[in-house]
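The values are calculated or read from the model by the stated rules, or taken from the named source; none is laboratory data. Keep in mind the model is a prediction, meaning the values are calculated, not measured. All Cβ positions, glycine included, derive from the backbone under ideal geometry; neighbour counts span all protein chains shown. Just so you know, the surface numbers come from the protein's heavy atoms only, side chains and all, with ligands and any DNA or RNA stripped out. Shrake-Rupley method; radii C 1.70, N 1.55, O 1.52, S 1.80 Å.
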Amino acid sequence: MSKQDVCDLPGIVARWQHDSANLVQILRDIQESCGTIPSDTLDQLAKLLGVPRVRIEATASFYAFFHAESHGAYEVLFSDNIVDHMAGKEDLKQYFCERLWLEPKKLSEDGLVYVDDTADIGLADQAPAMLVNGLAIASLDKARLDLVAELIRAKKPLDEWPPMLFEIPDHVRKAGPLTGEAFVPGAALRAMIARGTEATLAEVEAANLRGRGGAGFKTATKWASCRKAEGTAHYVVCNADEGEPGTFKDRVLLASHADLVFEGMTACARVIGAKQGFLYLRGEYRNLLERLKSVLAGRREAGLLGQNILGEAGFDFDIEIHLGAGAYICGEESALIESLEGKPGKPRNRPPFPDRCGYRNQPTVVNNVETFACAARIVERGGAWFAAIGTPQSTGTKLVSISGDCQRPGVYEYPFGVAVQQILIDCGAEDAHAVQVSGPSGTCISFREFDRRIAFEDLATAGAFMVFSRRRDMFEVARNFTHFFAHESCGFCTPCRVGTSLLKHTMDKLAAGKGSAYDMNEMKKIMHVLRGTAHCGLGHTAANPVVHTMEKFPDAYERRLKRLDFEPAFDLDGALATARLITGRDDEWAHIADEP
Amino acid sequence: MSQTKTFSLDGRTIPFEEGETIMEAAAAAGVYIPHLCHHPEFKPHGSCKLCTVNIGGRLGAACTNRAAEGMQVESETEAINADRLALTQMLFVEGNHICPSCEKSGNCQLQAVAYHLGMLTPHFTHFYPSRDVDASHPDVLLERNRCILCELCVRASRDVDGKNVFGIGGRGIKARLIVNSASGRLADTDLSVTDRAAEVCPTGAIIRKRHGFTVPIGHRLYDRRDIAEAPVAGMEGPKRG
Amino acid sequence: MAEAKKLRVATCSLAGCFGCHMSLLDIDEKLFELVKHIEFDRSPLTDIKTCGPCDIGIVEGGVCNAENVHVLKAFRKNCRILVALGACAITGGIPSWRNNVDLWDCFQEVYHYGIGLEKGQVPNDPELPLPFDKVHPINEVVRVDYFLPGCPPPADAIWKFLTDLAAGREPKLDYEMLHYD
């Protein structure tokens, strides 16, 4: 992981088959080995790959983890979810910067280290957390940061840092069929071969498995449709771009139950007739890469991947891992496919959906990590077994990633239908006031709604469950999420590109004590436009945190309003500061007094 | 020949051919749906969202949604036009659109759509972004302050000119028009003033040099005619029925 | 129009060029008709310096300095209806071209490097209005009731707008009267 000065560009490009569809992976490798992606590299890449430079620049400038300017030998990114803030992230970041005599967002004078924020890195149960050169370090406190600062000052290469720094415990607090029961690799595939492909699809249908990414589309329907769709090749894609702040259950599945996930993908491949699969792993989970590669290698050795799987003639399938590069939007399936094809992660126009027109415009199944894990269990144990768990509309179990104000944060596997109240008791959240279910794009529920249930028919969730106690300011929660969406908007459509920034500015205005009822109405108006006209789910839901908290915690907003009628859009006196400095004036007329 | 398929647009029966979008069918029938990123010569893009319509109770872009038999589409409703107005206002505050000093004024589609929607003010707080103007090319000026990221130039250069002169870099509110040269200068690309990409811009972001202000105020394309009645050249499409 | 009490109207130009006021005068002979229905309070036309209680306040120009804010706030306070007249009041207009020039550079150019300047010095006289970092439309400083765009708005548009208001109608512009330049 240590950065070298020289970058073997032709070697990297060759490793990715000179294929511009692998551009994100090529850029990742360049970034990882050189520390930057300099401008002249783009020209060389354009020649090596035979594509216009402008397309390479479009991709290189889209992803947060790519940068043309040096971030030094050590790039330290603090996770910026509200849960990190609640765990003292800002103070710790400042402490760390002071230890190293540096300012955030500015390369240290010796060119050694760069500190900044990054969107939630999937460690909310172990907040605050950070990435050092892309590798996660969790449960930060002053002692750990002292150690990191020392190692950086000593210029120790990352692979010589104490391994305990990078240990990430699973924190499975309540286990179930996915997280707690042994799985013999190949068990599901053997059952499938014995049962036959048609019958296997029928089992998935009978199980009534619905997508675990949040939307809840029926998995069997997706597989069947893709199976029927015509194409020169079919593809299986596992969406491991677990970017929703507060979610981390896929990290745990991949860290400790990867066989289950890969087996689910392989079963899907058999059903739809795919030879090639991809695991699109979010860049923040870089630390899992080697482990996952070795699981894949083990499966190839055991005849569970590759040619003639388990001796079945023509059952050929393999899986390649692609890493993301810091873009929440790539969790949207068509944006993910764009990213897999080496482009900026912008959602496509749908229909057609990926089941008919996905990767390389061929029929593609994209499912969440947990969906594939469930599928493997269903193929192994049968649909009836699965359908007996949970509720009729929401069968099986759901992994819930619990973080925030509770004693036992971590992953909990519940049968669908569990009440929020029960979860709060189990995780030791005695003073819970609100819960953000399914992350910023999900639903914020107040203490009045704790009898609601986790299920597609009530609270649908991709898994995040952030608990906020009475002492938390729900306005600040919403403001943090609003910043998140503005940062992650891909910029393709007008409402999301502009609307998320307008929301962010307005929330900041309120936070500065300069808001009015006019601003509240403005936000409602922007929400309406976002929900109605945005291109994808990110835009549709980007206003949810504000909508929900305004509705359920109006006090958090009202006490911030300076006056009811109107307040200027900008800080009048502050906007004179530069001119005061230039003229040296400080007289009465050089200020605009705040009206009472 | 099978019977002509139709759908309903604001109560009007619109014929369509299989595979046509709502926008294409409406244009062929002479019905205007506000739009900026759509152009009949290019693949539907669906980014500006001005053409949002209500399709059987669900909102969607007319330029990317295909017409279907019996579909009920609403376009000219108060609610939808309010959204369109808000989107247009967002485009205005996002950039630096100073119409009085713009060569494209009077012939600008952003302005014309705003007139059509009766926009009296950009309403939202202006971003006043700092954007580069590129005057390096001998014949073409690239004025990024006026860019609305519709990608028509990107599509024209790639799909018609076969040159890939333009692209979109960055993301979110920082998205920006980039050009295909290491220097980042338009002069160092192979753009020619005769390229489709050089004249397809709906605003004044890409304009021919030395051709500004040639038509007096009052005689320009949209001075007296609403864009709904005076669509830009090439936008009418074949009229049917 | 009914023989009602005359509407009291104030006008001012902030960061503008007075072009909108010129356009107001351009309604020519209709001015005689107009003054039957309105009377002017503070306005460059009357030379009254402060704005008293009015029915309508018409503001040309954007907000570029501290003095603009004081004038604008006085208008908002005294006028029942506040109207943003012209491109600059509505978008910042031509003066907002300076928004992407650093204020330091502006001062340097004006007081140090400009043609004919020797040993230039940045003035610090409190009588000089202190400029903002950026020029803003007036609706970013106060609540505005009506917007009448144009650079300048055509005389006919101003006439139509004022007569509509005077008659208690919601002002409505015909297509040809609405333009941004």
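Which GluC sites (Glu not before Pro) in region C:91-129 pass both tests, a DSSP loop state and at most 11 other beta-carbon atoms within 10 Å? Kindly include the intermediate steps, with their values, before the conclusion.
Details: sites: C:Glu109, C:Glu118, C:Glu127; in loops: C:Glu118, C:Glu127.
Those satisfying the criteria are C:Glu118, C:Glu127.
Can you pick out the pairs among A:Lys509/B:Lys174; C:Lys6/C:Lys73; B:Lys49/B:Lys209; A:Lys525/C:Lys160; B:Lys174/C:Lys73 whose Cα atoms lie more than 32 Å from each other?
B:Lys174/C:Lys73
About its Cα centre, what dipole magnitude does region B:112-241 give when the only charges are +1 on Lys and Arg Cβ and -1 on Asp and Glu Cβ, stated in debye to the nearest 20? Before the final figure, lay out the partial values.
Details: 19 positive and 15 negative charges, 41 e Å.
In total the dipole reaches around 200 debye.
Restricting the calculation to Cα positions, tell me the Rg (one decimal) and the Dmax (whole number) of chain B in Å.
Looking at chain B, its Cα Rg and Dmax stand at 18.4, 57 Å.
Any idea of A:Trp589's accessible area? Nearest 10 Å², probe 1.4 Å.
Its heavy atoms expose roughly 130 Å² to the probe.
May I ask you to derive the relative contact order of chain B, considering only C-alpha pairs under 8 Å and at least 6 residues apart, and to give it as an integer percent?
On the way: 418 pairs, mean separation 48.7, N = 241.
Contact order relative to length: 20 percent.
Report A:His591's accessible area, 1.4 Å probe, all protein chains in place, as a number in Å² to the nearest 10.
Roughly 60 Å² of A:His591 is accessible to a 1.4 Å probe.
When the Cα atoms of region B:83-208 are enclosed in a convex hull and the volume is divided per residue, what value in Å³ results?
Values: hull volume 13.9 nm³, N = 126.
So the per-residue hull volume is 110 Å³.
Among A:Pro52, A:Leu27, A:Ile37, whose Cα projects farthest towards the positive end of the dipole of region A:9-60, with charges put on the beta-carbon of Lys, Arg (+1) and Asp, Glu (-1)?
Positive-end residue among those listed: A:Pro52.
Please report, in whole Å, how far the alpha carbons of region A:125-212 spread along each principal axis, starting with the longest.
61, 25, 22
Within region A:27-141, how many Lys pairs sit with Cα atoms under 22 Å apart, leaving out pairs fewer than 8 places apart on the same chain?
Numbers: A:Lys89/A:Lys105; A:Lys89/A:Lys106; A:Lys93/A:Lys105; A:Lys93/A:Lys106.
Step by step, the pairs that qualify in region A:27-141 add up to 4.
To the nearest 20 Debye, how big is the dipole of the protein assembly as shown about its Cα centre, given +1 on the beta carbon of each Lys and Arg and -1 on that of each Asp and Glu?
Details: 112 positive and 135 negative charges, 350 e Å.
Dipole size: approximately 1680 debye.
Helix-only estimate, please: 222 nm mean residue ellipticity of the protein assembly as shown, summing -39500 (n - 2.57) across DSSP H runs of length 4 or more and dividing by its residues, to the nearest 500.
Calculated from helices alone, the mean residue ellipticity at 222 nm is -9500 deg cm²/dmol.
So which of C:Lys36/C:Lys172; A:Lys398/A:Lys514; A:Lys249/A:Lys275 end up more than 32 Å apart, counting from Cα to Cα? Walk me through the numbers before you get to the answer.
Working: C:Lys36/C:Lys172 22 Å; A:Lys398/A:Lys514 43 Å; A:Lys249/A:Lys275 28 Å.
In this structure, A:Lys398/A:Lys514 lie more than 32 Å apart at Cα.
Please give every one of the lysines within straight-line cross-link reach of C:Lys119, meaning a C-alpha to C-alpha distance under 28 Å, and leave out same-chain neighbours fewer than 8 residues apart.
C:Lys134
Can you tell me, using C-alpha contacts under 8 Å and at least 6 residues apart, the relative contact order of chain A as a whole percent?
That works out to 13 percent.
Under Stokes-Einstein, with the Kirkwood radius over Cα pairs standing in for Rh, what whole-number D in µm²/s applies to chain C at 37 °C and 0.692 mPa s?
Working: Rh = 17.3 Å.
In µm²/s, the coefficient rounds to 190.
How do the peptides A:496-507, A:47-58, C:47-58 rank, highest first, by the average count of neighbouring beta carbon atoms within 10 Å per residue? Write down the numbers at each step before the final one.
Numbers: A:496-507: 25.7, A:47-58: 19.8, C:47-58: 17.2.
By packing density, highest mean first, the sequence is A:496-507, A:47-58, C:47-58.
Identify, among B:Thr64, B:Val140, B:Leu110, the residue whose Cα sits farthest towards the positive end of the charge dipole of chain B, taking +1 on the Cβ of Lys and Arg and -1 on the Cβ of Asp and Glu, with the dipole about the Cα centre.
So the residue we want is B:Val140.
Using a simple charge model, +1 on the beta-carbon of Lys and Arg, -1 on the beta-carbon of Asp and Glu, nothing else, what dipole does region A:475-563 show about its Cα centre, in debye to the nearest 20? The partial results should precede the final answer.
Details: 13 positive and 8 negative charges, 47 e Å.
Result for region A:475-563 is approximately 220 debye, rounded to the nearest 20.
Can you compute the modelled spin-label distance between A:Asp316 and A:Asp43, with each label point 7 Å from Cα toward Cβ, in nm?
In this crude label model, A:Asp316 to A:Asp43 measures out at 4.2 nm.
Bin width 10 Å, alpha-carbon pairs only: give the P(r) of region A:185-387 as whole percents, running from 0 to the bin holding the largest distance.
10, 40, 39, 12, 0
Kindly report, to the nearest 10 Å², the accessible surface of A:Asp170 as traced by a 1.4 Å probe over protein heavy atoms only.
Approximately 40 Å² of A:Asp170 is accessible to the 1.4 Å probe.
Just the projected area, averaged over all directions, of the convex hull on the alpha carbon atoms of the protein assembly as shown: how many nm²? Kindly include the intermediate steps, with their values, before the conclusion.
Working: hull surface 182.2 nm².
It is 45.6 nm².
Long-range amide H contacts for A:Ala434: which residues qualify at under 5 Å (H placed 1.01 Å from N, peptide plane, sequence gap of 5 or more or a different chain)?
For A:Ala434, whose amide H was placed from the backbone, the distant partners under 5 Å are A:Phe468.
Exactly which GluC sites (Glu not before Pro) in region A:408-461 are in a DSSP loop and have at most 13 other Cβ atoms within 10 Å?
Hits after loop and neighbour filter: A:Glu430, A:Glu457.
Go through A:Ser256, A:Gly196, A:Cys226 and say which Cα lies farthest out towards the positive end of the charge dipole of chain A; charges sit on Cβ, +1 for Lys and Arg, -1 for Asp and Glu.
A:Gly196
Quick test of your reading: applying the under-4.7 Å Cβ rule, which cysteines of chain A are isolated?
Cysteines of chain A left without a disulfide-compatible partner: A:Cys97, A:Cys226, A:Cys238, A:Cys268, A:Cys330, A:Cys357, A:Cys374, A:Cys444, A:Cys490, A:Cys493, A:Cys496, A:Cys536.
At a 1.4 Å probe radius, which order do C:Leu173, C:Leu85 fall into by accessible area, largest first?
On the way: C:Leu173 35, C:Leu85 10 Å².
Ranking C:Leu173, C:Leu85 by accessible area, largest first, yields C:Leu173, C:Leu85.
Check cross-link reach from C:Lys77 to the lysines: straight Cα distance under 17 Å, and skip same-chain residues fewer than eight apart.
Answer for C:Lys77, where 17 Å is the Cα cut-off: C:Lys49, listed by chain and number.
In nm, to one decimal, how far is the modelled label at A:His433 from the one at C:Tyr113, with both set 7 Å along Cα→Cβ?
So the two model labels end up 5.4 nm from each other.
Enumerate by residue number the trypsin sites (Lys or Arg not before Pro) in region B:166-201 meeting two conditions: DSSP loop (anything except H, G, I, E, B), and at most 15 other Cβ atoms within 10 Å of the site's Cβ. Show your work: numbers first, answer last.
Values: sites: B:Arg171, B:Lys174, B:Arg176, B:Arg185, B:Arg196; in loops: B:Arg171, B:Arg185.
Qualifying residues, ordered by number: B:Arg185.
Could you name the aspartates and glutamates whose alpha carbon sits less than 16 Å from that of A:Lys552, not counting residues in the same chain fewer than 8 places away?
A:Glu449, A:Asp451, A:Asp473, A:Glu476
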